[in-house]
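The block underneath contains the structure these notes are about, expressed in structure tokens.
The values are calculated or read from the model by the stated rules, or taken from the named source; none is laboratory data. It should be emphasised that the depicted structure is a prediction, and the values quoted were computed from it without experimental measurement. Because the Cβ atoms are built from the backbone with ideal geometry, glycine has one as well, and the counts that use them run over all protein chains shown.
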Amino acid sequence: MNNSVSNTGRLLWAGLRALLVLTLVTGVIYPLAVTGVAQALFHDKANGSEVRADGKVVGSSLIGQQGYSLDYFQSRLANGLGENSVNTRYKLILSGATNRSGDNPELIKWVKEAKAKVVKDNSTAGYTVKPSEVPADAVTSSGSGLDPDISPAYADLQVHRVAERNGLSVAQVEKLVRDHTEGRTLGFIGEPRVNVLELNIALKALAAKS
């Protein structure tokens with residue numbers, strides 16, 4: 001009987017020691033090591049790819065923002081899970097795709113309305129946008145509804161409006177777009193893109209100088 005109790009005690013103590021060691025290794029040492037490596041080698045990404053302007057964090061380069069005035073470049077739509085009007089800036093209650101098929105009447109209606117708005121908003125006194133010039137990303141949301149980037153084609157389409165509203169030349173704004181256009185990752189992954197938040201920060205700075 002005493003031998004059995006002794007063996008049980010030894011097993012329990014061995015199990016407790018294993019628990020303590022594994023807790024220390026996997027719950028303390030490993031997380032601290034991973035965090036340390038991430039902060040040392042990937043500081044920007046480890047902290048959420050923050051974008052700063054005027055000395056403060058104004059967003060993340062990974063999350064699109066809505067609600068820009070027409071003085072600035074517009075992001076993609078945020079129509080995830082329907083109208084999703086709550087998905088503006090960082091008040092993120094939900095995100096996702098529209099979950100409509102390509103021939104869904106509601107989706108077709110959204111796209112037509114969005115295209116008409118893009119044409120109207122971006123046509124100026126000396127420049128008229130043709131419906132055929134409106135790229136797909138200007139009238140559709142991404143799978144998450146939070147895409148931070150737009151295509152160079154959509155950015156170029158907005159140049160005349162942005163230049164007119166900010167008292168800048170078209171050439172100045174075109175250069176701004178070119179300077180903020182990123183190529184394919186590793187030269188072959190994805191598509192060329194323009195981060196809207198970073199572009200608008202640069203636009204604001206350029207307009208302030210002018």
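Side notes on the structure shown:
Residues checked against (1) modelled with pLDDT of 95 or more; (2) in contact with a strand residue (DSSP E or B) (Cβ under 9 Å, 6 or more places away or on another chain); (3) among the acidic types (D, E):
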site: A97; (1), (2), (3): no, yes, no
site: R100; (1), (2), (3): no, no, no
site: V119; (1), (2), (3): yes, no, no
site: A153; (1), (2), (3): yes, no, no
site: N166; (1), (2), (3): yes, no, no
site: V170; (1), (2), (3): yes, yes, no
site: V177; (1), (2), (3): yes, yes, no
site: H180; (1), (2), (3): yes, yes, no
site: G187; (1), (2), (3): no, no, no
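- Counted residues, the range 28-59 - those being without any contact (Cβ under 8 Å) to a residue 12 or more places away in the chain and assigned to a strand (DSSP E or B): 4
- Condition met for L203 (within 19 Å of the chain's Cα centre (by Cα), closer than 19 Å to G64 by Cβ and not in a loop (DSSP other than H, G, I, E, B)): yes
- Residue-level check: of (1) crowded, with 20+ Cβ neighbours inside 10 Å; (2) touching a Pro at 6+ places or on another chain (Cβ under 7 Å); (3) among the aliphatic types (A, V, I, L, M), V139 misses just (2).
- Screening the range 97-115 for residues that are without any contact (Cβ under 8 Å) to a residue 12 or more places away in the chain and of a type in the set (A, V, I, L, M, F, W, C) and picking the one that is surrounded by the fewest Cβ atoms within 10 Å (Cβ to Cβ) gives I108.
- Residue check for V194: assigned to a strand (DSSP E or B), in contact (Cβ under 8 Å) with a residue 24 or more places away in the chain and either surrounded by 15 or more Cβ atoms within 10 Å (Cβ to Cβ) or not charged (D, E, K, R) (or both): yes
- Considering the conditions (1) over 25 Å from V51 (Cβ atoms); (2) at pLDDT below 90, P105 is excluded by exactly one of them, (2).
- Meets criteria (at pLDDT 85 or above, farther than 24 Å from I63 by Cα and in contact with a Pro (Cβ under 7 Å, 6 or more places away or on another chain)) for V129: no
So that you can scan it fast, the table gives a plain yes or no per residue for (1) within 19 Å of the chain's Cα centre (by Cα); (2) on the phi > 0 side of the Ramachandran plot; (3) of a type in the set (F, W, Y):
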{"position": "I108", "(1), (2), (3)": "no, no, no"}
{"position": "A116", "(1), (2), (3)": "no, no, no"}
{"position": "S141", "(1), (2), (3)": "yes, no, no"}
{"position": "P148", "(1), (2), (3)": "yes, no, no"}
{"position": "S151", "(1), (2), (3)": "yes, no, no"}
{"position": "Y154", "(1), (2), (3)": "yes, no, yes"}
{"position": "V159", "(1), (2), (3)": "no, no, no"}
{"position": "A171", "(1), (2), (3)": "no, no, no"}
{"position": "D179", "(1), (2), (3)": "yes, no, no"}
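- Meets criteria (acidic (D, E) and more than 13 Å from S75 (Cβ to Cβ)) for E133: yes
- Filter result for Y68 (assigned by TED's automatic domain parsing to the domain that holds S151, modelled with pLDDT of 80 or more, in contact with a Leu (Cβ under 7 Å, 6 or more places away or on another chain) and not hydrophobic (A, V, I, L, M, F, W, C)): no
- Scanning the range 143-179 for residues that are touching a Gly at 6+ places or on another chain (Cβ under 8 Å) and not in a helix (DSSP H, G or I) yields G143, S144, G145, L146, D147, P148, D149.
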